[in-house]
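Right, one structure below, let's go through it.
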Amino acid sequence: MKYKCVVVDLDQTLLHEDKSLSQKTIDAFAKLPPETEIVVATGRAIIRTERYADLIHARSMICTNGSIVYHQGEVIHRTEIDSQKVIDLIQIVRKIEPVHITLFYPTQGYTTNEYYINKGESLRLDLDHFETHEIQKIFIVTSNHAAVEAIDFSSYGMKAVPLTENPDIFVITADQVNKGSALRALCDHLGLDLSEVVAFGDDYNDLEMLQEAGCGVAMANAVGEISASADQHTLSNEDDGVAWWLEKHLADFQ
């Protein structure tokens, strides 16, 4: 198989636990043929993705779990949360005790969490007055899991997925959003066949992406469902598993 595209998740996949990117990984991507399409696919917004994409010379980014896709800085695909239904949902969610809510737009986050406001990572969210358009993702942070699980998110055209590393954080996106559908949209735009794609991931939000790719590679630290569904496996993120696989299969890109 000859691959023309590498798609890689960031957290617990490309990055070490301290969120660093090793020189070994940077060098491994630099060895790929210059025409290789390198794609970062992450739950992060673009403002927390670009610097990593630059280091591995990625021309494309799939952000906020597939809600928005960029190629060379231009938006080529997006799926937003319904602007009217988000108002109704927020009125329900804000009644949960305790709860923090963060709304993610393409380039900015707004939150009720003072910690992230004080750190300068997000702006203050006024739950009575907020922009309802272009919301890509919502974080609901609460220890009251039962209250979140009692909400029928599908009736709002949305879905809620808890984060593996912190089950108190529920990620809300439009129901049809996932990295796999975003990857299909990107490949259609670039004229690539999905069989020419190798994708790396570790968590539940990587599942559709690994299934769509011609070769889905699970990290050694991947959750069980990802590991079981992958075509191949590599070392953990702490052991630079992406770099190890790329170096071992470099001839498949030439």
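Values quoted throughout were computed directly from the atomic coordinates according to the rules given, and no laboratory measurement underlies them. All values derive from a computational prediction rather than experimental measurement. Here the Cβ is made from the backbone with ideal geometry for all residues, glycine too, and neighbour counts use every protein chain on show.
Pairs spanning more than 23 Å between alpha-carbon atoms, out of Lys19/Lys85; Lys119/Lys179; Lys137/Lys179; Lys24/Lys119; Lys85/Lys159; Lys19/Lys159: Lys19/Lys85; Lys119/Lys179; Lys24/Lys119; Lys19/Lys159.
FRET efficiency for the Leu123 to Ser227 pair, using the beta carbon distance and R₀ = 45 Å, is estimated at 0.75. Pair-distance distribution of segment 83-174: all C-alpha pairs, bin width 5 Å, starting at 0; shares per bin in whole percent are 3, 13, 27, 28, 20, 8, 1.
Ranked by how many other Cβ atoms sit within 10 Å of their own Cβ, fewest first, the residues Asp27, Asp9, Asp168 fall in the order Asp27, Asp168, Asp9. Counting every other Cβ atom within 10 Å of each residue's Cβ, Glu121, Glu165, Glu134 order from fewest to most as Glu165, Glu121, Glu134.
Each residue of segment 151-161 was assigned a 3J(HN,Hα) from its phi angle through the Karplus expression (A = 6.51, B = -1.76, C = 1.60, θ = phi - 60°), giving 7, 8, 5, 4, 5, 9, x, 10, 9, 10, 10 Hz with x at Gly and Pro. Placing unit charges on the Cβ atoms only, positive for Lys and Arg and negative for Asp and Glu, gives the chain a dipole magnitude near 340 debye about its Cα centre. Charging the Cβ of each Asp and Glu at -1 and of each Lys and Arg at +1, and nothing else, the dipole of segment 190-254 about its Cα centre rounds to 140 debye.
Taking Lys and Arg as +1 and Asp and Glu as -1, the other residues whose beta-carbon sits under 10 Å from that of Leu194 total -3. Taking label points 7 Å from Cα along the Cα-to-Cβ direction, His57 and Val75 give a separation of 2.9 nm. Counting beta carbons within 10 Å around each of Phe130, Phe153 and listing the fewest first gives the order Phe130, Phe153. For segment 110-247, the gyration tensor built on C-alpha atoms gives a prolate shape. Its axis ratio a/c (a ≥ b ≥ c) is at least 1.5, and a/b is the larger of a/b and b/c. The Cβ shell under 15 Å around Glu131 holds other residues with a net charge of -2, Lys and Arg each +1, Asp and Glu each -1.
Karplus-based coupling profile of segment 170-183, in residue order and whole Hz: 9, 9, 10, 9, 4, 4, 8, 7, 6, 5, x, 5, 5, 5, with θ = phi - 60° in 6.51 cos²θ - 1.76 cosθ + 1.60 and x standing for Gly or Pro.
Only helical runs count toward this figure. For the chain, summing -39,500 (n - 2.57) over DSSP H runs of n ≥ 4 and dividing by all residues gives -7000 deg cm²/dmol at 222 nm. Farthest toward the positive end of the dipole of segment 154-254, out of Ser236, Asn221, Thr164, is the Cα of Thr164, where the dipole comes from beta carbon charges about the Cα centre. Summing charges over neighbours of Val40, with a neighbour being any other residue whose Cβ is under 13 Å away from its Cβ, gives -1 when K and R count +1 and D and E count -1.
The mean sequence separation of alpha-carbon pairs under 8 Å and at least six residues apart, normalised by the residue count of segment 83-174, gives a relative contact order of 28 percent.
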